[in-house]
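Since every read-out is calculated from the coordinates, none of them should be taken as a lab result. Worth saying up front: this structure is predicted, and the values here are computed from it rather than measured. Cβ placement follows ideal geometry from the backbone for every residue including glycine, while neighbour counts extend to all protein chains displayed.
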Ligand code: HEC
């Protein structure tokens, strides 16, 4: 029993679905089947994809390897379905745009700004949006920064 609650706590720490979080805090967790309660939204899945992709970019930058092209699927941030608790508002749209622009800059070979700075700038826009939308994953996202 205790172990299951613990796993739940971890699960909800890394996501930011506050409504489901409350549900778990107030109800007894009776069986492993309750895990079904957590169905990540399309946006959550997309966020995790972006996380992994940027992790790869970070490795390549550090190793001095060439980067591929800007991943067009990043544009899904404009359309992916959010979890029920979240709404697409003007702030969200503005941050999405800024984010896509700064992520595209990473792949702009004509830029005179050092690659590392362009990369960190993009990661900082992830953090900026998260400060307004969903603070949970911020410590994890900050690990993507190149020092
Ligand atoms: C425009 C705002 C915005 C930007 C930019 C943004 N995020 Fe998110 N992120 C969100 C929102 C909102 C959620 C919650 C999605 C939901 O609940 O449907 C989220 C969720 C997440 C999650 C948790 C997913 C889960 O498992 O529940 C991670 C990890 C994450 N984002 C990483 C990133 C990374 C890495 C970047 C940059 C590459 C980034 N985000 C850029 C708004 C943003």
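Below, the figures for the structure above:
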{"item": "Cα centroid of region 118-139 to Cα centroid of region 63-96, whole Å", "result": "12 Å"}
{"item": "Relative exposure of 46, 78, judged by other C-beta atoms within 10 Å (fewest first)", "result": "78, 46"}
{"item": "Neighbour-count order for 113, 100, fewest beta carbons within 10 angstrom listed first", "result": "113, 100"}
{"item": "Inter-site label distance for residue 68 and residue 143 at 7 Å from Cα along Cβ, in nm", "result": "2.3 nm"}
{"item": "Fewest-first sequence of 132, 98, 112, 125 by Cβ atoms within 10 Å of each Cβ", "result": "112, 132, 98, 125"}
